[in-house]
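What follows is a set of notes on a single structure, which appears directly below.
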Amino acid sequence: MIRVMYEPLRFDLLSLFPETLNGFTSESIIGRACEQGLINVQSLDLRNWAEGRHRVTDDRPFGGGAGMVLKPEPIFAAVEELRNPESKVLYMAPDGETLCREVCQELAEESHLILLSGHYEGIDQRVRDELVDREISVGDFVLTNGALAAATLIDSVSRFVPGVLGEEGSLSQDSFTGGRLSFPQYTRPADFRGMKVPEVLLSGDHGAIARWRDEQMVEKTRVRRPDLLN
């Protein structure tokens, strides 16, 4: 068991569908990180801060149009209750800045992240103008449930919290480290249906293996993501 010598990074997700994260926070690496107190993830129902008997959280957009927009009142109430002077409020939005390794590293240095996940046609612009510190996109596509984007952020940011991965060397082999994609990985058997593992990986020559991996990273990046090499 890892002993925590500092406060865990706290994630508070505000969502209309908080159950989305239930399995995510109890399984595998993220589940262990929560158990060990390295991170603290809460998935909170935005309806808890809605007013009225029916706890309405959305309404039709002014000016007309399809879909519904999340109302400002419950979001303001929730954020104002949850945040402290160190908190950062993030809105998961397809038109936000792209989530990348550098952004993940920056966010891992924070102590408390409040995540707003949109649904339907998003959230009232006044929330974005007055409450949100950063808007984050996980890609050039739109999800029906913004909590899925928030889960992606929680996972990718948590990898940079000390102790979460166990083997810190894993980070140095990730894609995008040093602006390159990762090298191919192989395991036993060395020959599967005539498909053989490259001889260099079986040679025991660590220098040659390192050079081969470096060459593979450069070539894969050149073919698939040449923009990273510029």
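Going by what's in this entry, would residue 139 be described as of a type outside the set (Lys, Arg), within 21 Å of residue 35 (Cα to Cα) and touching a residue at least 12 places away in the same chain (Cβ under 8 Å)? For residue 139, the condition - of a type outside the set (Lys, Arg), within 21 Å of residue 35 (Cα to Cα) and touching a residue at least 12 places away in the same chain (Cβ under 8 Å) - is not met. If only residues of region 4-36 that are among the aromatic types (Phe, Trp, Tyr) and under 28 Å from residue 75 (Cβ atoms) are counted, the one that is modelled with the highest pLDDT is 11. Residues that are part of a helix (DSSP H, G or I), charged (D, E, K, R) and either farther than 30 Å from residue 34 by Cβ or in contact with a Leu (Cβ under 8 Å, 6 or more places away or on another chain) (or both): does region 188-211 have at least one? Yes, the conditions are met somewhere in region 188-211.
The values are calculated or read from the model by the stated rules, or taken from the named source; none is laboratory data. Every value quoted in this text rests on a predicted model; they were computed, and no experiment measured them. All Cβ positions, even for glycine, are placed from backbone atoms using ideal geometry, and neighbour counts span all protein chains on display.
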